[in-house]
């Protein structure tokens, strides 16, 4: 899908989109609210109807990351996606193929089969890749240092450019420190919410200066000005007001740093390293969640870096919440299909 010049520079602030929705089987719904707890974006609990709903935030009527986290968390299979989230125009126009959500299809079947029909033919690595889901619901149970070491070792053996290994790990199991850092992050992130959505995220109307400012910001921080993370930020801030943390009260947070002097692409290397760690954790029966909101402010607030002793040449890359999941979260789910160009 080609994106024209005009679209590259227009409609960055709340672009036109086709939001999908969720369908709830009221007979199956147990009202456990796990879908709401595990959703990073737009699933809210409707107190009047006593069932989950897909909602919005501020100027956005319906917001979701379309990540299937709610479906994975539902123990009774009561939820179903209706449609597929797509941005129709502008800087963040969807590049996925317009074929809907498709389950794992590693064998290239013309009609993809249900996951349970192909699972026995998969390698152990493939099984972890296809079933691993972000977990935001943790048991109040300490994580043994032995398991943490196994996760770190998986990261240590990730490939890197020139074998430069441009990473460093900071493991925090002190929940008070985690909450202290999260509090500083929330204060900073609230500014971004205001810039994008207005006072408290519920301004109810757009403004010309936001229409002008957000596209400008999207050039310096394109990944942060998409409406999906902004909607998720709104929910994260609301959740913080209830719980006091951004890392879901996980017993362990692993901060991953990269060396700014790293060979070639140290950020890419660090991402590969982090994924090694996440897959290893799930293979060990643990749950993980990347928490980008908990690391963005490190770029701007020197005090946060001091709290963790971060100095040159190290730069915060991401953080991973780790712990024992409360109930089953890992599950194969359908996903959008990216464009693929074969040259033979």
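The values are calculated or read from the model by the stated rules, or taken from the named source; none is laboratory data. Remember, it's a predicted structure, so these values are computed and weren't measured experimentally. Every residue, glycine among them, receives a Cβ derived from its backbone with ideal geometry; neighbour counts consider all protein chains shown.
The table for this structure:
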| quantity | calculated |
| --- | --- |
| The range 313-344, residues that are part of a loop (DSSP other than H, G, I, E, B) and touching a strand residue (DSSP E or B) at 6+ places or on another chain (Cβ under 7 Å) | 313, 324, 326, 329, 334, 337 |
| Residue that is farthest from residue 37 (Cα to Cα), among those in the range 156-172 that are surrounded by 15 or more Cβ atoms within 10 Å (Cβ to Cβ) and out of contact with any helix residue (DSSP H, G or I) (no Cβ under 8 Å at 6 or more places or on another chain) | 168 |
| Long-range neighbours under 8 Å by Cβ, at least six apart or interchain, first residue on the phi > 0 side of the Ramachandran plot and assigned to a loop (DSSP other than H, G, I, E, B) within the range 230-252, second modelled with pLDDT under 85 and surrounded by fewer than 20 Cβ atoms within 10 Å (Cβ to Cβ) | 249/243 |
| Residue in the range 254-275 that is assigned to a loop (DSSP other than H, G, I, E, B) and touching a strand residue (DSSP E or B) at 6+ places or on another chain (Cβ under 9 Å) present | yes |
| Positions within the range 1-47 being in a helix (DSSP H, G or I) and under 20 Å from the mean Cα position of the chain (by Cα), in sequence order | 34, 35, 36, 37, 38 |
| Scope the range 119-155; condition assigned to a loop (DSSP other than H, G, I, E, B) and either in contact (Cβ under 8 Å) with a residue 60 or more places away in the chain or surrounded by 14 or more Cβ atoms within 10 Å (Cβ to Cβ) (or both); matching residues | 122, 132, 133, 134, 135, 136, 137, 139, 140, 141, 142, 143 |
| Search result, residues across the range 276-291 that are within 19 Å of the chain's Cα centre (by Cα) and assigned to a helix (DSSP H, G or I) | 276, 277, 278, 279, 280, 281, 282 |
| Residue in the range 303-312 that is under 16 Å from the mean Cα position of the chain (by Cα), surrounded by fewer than 20 Cβ atoms within 10 Å (Cβ to Cβ) and assigned to a helix (DSSP H, G or I) present | no |
| Qualifying residue in the range 177-199 (condition: under 27 Å from residue 266 (Cα atoms), without any contact (Cβ under 8 Å) to a residue 12 or more places away in the chain and surrounded by fewer than 15 Cβ atoms within 10 Å (Cβ to Cβ)) | no |
| Residue in the range 87-103 that is outside any loop (DSSP other than H, G, I, E, B) and out of contact with any strand residue (DSSP E or B) (no Cβ under 7 Å at 6 or more places or on another chain) present | no |
| Subset of the range 157-176 [touching a residue at least 60 places away in the same chain (Cβ under 8 Å) and either within 16 Å of residue 310 (Cα to Cα) or assigned to a helix (DSSP H, G or I) (or both)] | 161, 162, 166, 167, 168, 169, 170, 171, 172, 175 |
| Positions within the range 319-344 being buried (at least 20 other Cβ atoms within 10 Å of the Cβ) and touching a helix residue (DSSP H, G or I) at 6+ places or on another chain (Cβ under 8 Å), in sequence order | 319, 320, 322, 329, 332 |
| Failed item, numbered, when residue 179 is tested on (1) in a helix (DSSP H, G or I); (2) in contact with a helix residue (DSSP H, G or I) (Cβ under 8 Å, 6 or more places away or on another chain); (3) closer than 28 Å to residue 228 by Cβ | (2) |
| Lone unmet requirement of (1) surrounded by fewer than 20 Cβ atoms within 10 Å (Cβ to Cβ); (2) touching a helix residue (DSSP H, G or I) at 6+ places or on another chain (Cβ under 6 Å) for residue 233 | (1) |
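So that you can scan it fast, the table gives a plain yes or no per residue for (1) surrounded by fewer than 21 Cβ atoms within 10 Å (Cβ to Cβ); (2) farther than 21 Å from residue 148 by Cβ:
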position	(1), (2)
247	no, no
260	yes, yes
268	yes, yes
271	yes, no
278	no, no
281	no, no
285	yes, no
290	yes, no
300	yes, yes
